[in-house]
Amino acid sequence: MAKRKLLGWKEIANYLRVGVRTAQRWEHYGLPVHRVSGTAQGAVFAFCIELDTWMERSPVRVDSAAKDGHFSYRILFVDDEENIRQTGKAVLESQGYEVQVAEDGFDALTHLS
């Protein structure tokens, strides 16, 4: 059985459902990407099975696998101004995050318990 290969940061990031810069930062935490030797641009590729295994054991993973096989990420957004909370929530949700909001530290603690 052949391993499914992802070519380049954009494909890798899309598979992980994160931004390209996030995927590139995760390389510093051990994200299993392979560099193509002899290319001036520093081309990379990755195998899906290696990425899945890494995500299951990764220090940057923040939630369990979603039903579709990808990982979901939860963010608790805390700010004392309602308009900032709602704008922040909308922006983060548009990027695929599950977002809860709290108006202060005490309210945030109720979301964590």
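Every number here is computed from the coordinates shown, using simple stated rules; none is lab data. Everything numeric in this text was worked out from a predicted model, so none of it was measured. Every residue, glycine among them, receives a Cβ derived from its backbone with ideal geometry; neighbour counts consider all protein chains shown.
If a residue must be over 27 Å from ALA13 (Cβ atoms) and among the hydrophobic types (A, V, I, L, M, F, W, C), how many such residues does region 79-105 contain?
Of the residues in that region, 2 qualify.
When region 29-51 is examined, which residues are found to be out of contact with any strand residue (DSSP E or B) (no Cβ under 9 Å at 6 or more places or on another chain) and under 26 Å from SER94 (Cα atoms)?
The answer is TYR29, and nothing else.
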